[in-house]
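The values are calculated or read from the model by the stated rules, or taken from the named source; none is laboratory data. What you are looking at is a predicted structure, and each value in this text was computed from that prediction instead of being measured. A quick note on method: Cβ atoms are made from the backbone with ideal geometry, for glycine too, and the neighbour counts reach across all protein chains shown.
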Amino acid sequence: MSITENFVFPLYIKDKVLEEITKIGKTSPKEIFGYLVGDIFKWKEKTYIVIEEQLFILGAVYSQKYSTSQIEGTAGAYQKKFNRLKKDKKFENLRIVGWWHTHPGLGCFLSDVDLKTQRYFFPESYHVALVLDPINIEFKFFTLDKKIKRNYKEVSSAVISSER
């Protein structure tokens, strides 16, 4: 990829956030999930997201019927945790910009269940899904795209320092 002077990745994630998600992902052989918290910016007519934090609440239950994890916990539990996070001045302008989940040993893609989750809970054009395979140590970001047969596309991203 050739990067020009005006190049802007559509998405940036703080290194500490990716490290936290990776650490959490390695603790469970089952699929687990959380929320991505950040903000949306514009620079020279280009929109991009910066992911500043993640929210995780323990509770994934293996489901033999679907060969995937069914997530325990309610949206209300995440909303409470998100509201506590926003009380900190440095996070008061942040919003939920997507979600993350693991595919242990399966690679990075959106399954049919993942697509339903994205469509129902994260339908905005800026919402992203981060899929992490903690066994193969890889991650990818995705967003919905109705123009493509599989209905989603990978989003280019960059990991940035948390020290800013």
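Sort out which residues of segment 115-140 are under 13 Å from the mean Cα position of the chain (by Cα) and β-branched (Val, Ile, Thr), and write them in order of number.
Hits for segment 115-140 are THR117, VAL128, VAL131.
Within segment 145-159, is there a residue that is surrounded by fewer than 18 Cβ atoms within 10 Å (Cβ to Cβ) and in contact with an Asp or Glu (Cβ under 6 Å, 6 or more places away or on another chain)? Break it down into steps so the answer makes sense when it comes.
Initially, segment 145-159 is screened for residues surrounded by fewer than 18 Cβ atoms within 10 Å (Cβ to Cβ), giving 145-151, 153-154, 156, 158-159.
Now narrow it down to the ones that are in contact with an Asp or Glu (Cβ under 6 Å, 6 or more places away or on another chain): 153, 159.
There is at least one residue in segment 145-159 that is surrounded by fewer than 18 Cβ atoms within 10 Å (Cβ to Cβ) and in contact with an Asp or Glu (Cβ under 6 Å, 6 or more places away or on another chain).
Mind checking which residues of segment 101-117 are over 19 Å from GLU138 (Cβ atoms), surrounded by 14 or more Cβ atoms within 10 Å (Cβ to Cβ) and not aliphatic (A, V, I, L, M)?
Residue satisfying the conditions is THR117 alone.
Quick one: which strands (runs of 3 or more DSSP E) lie wholly within segment 83-164 and hold at least 1 residues that are on the phi > 0 side of the Ramachandran plot, touching a strand residue (DSSP E or B) at 6+ places or on another chain (Cβ under 9 Å) and at pLDDT 90 or above? If you could, list the steps in order and put the result at the bottom.
Numbers: elements: 95-102, 128-133, 138-144, 152-155, 157-160.
Where strands (runs of 3 or more DSSP E) fall fully within segment 83-164 and carry at least 1 residues being on the phi > 0 side of the Ramachandran plot, touching a strand residue (DSSP E or B) at 6+ places or on another chain (Cβ under 9 Å) and at pLDDT 90 or above, they are 95-102.
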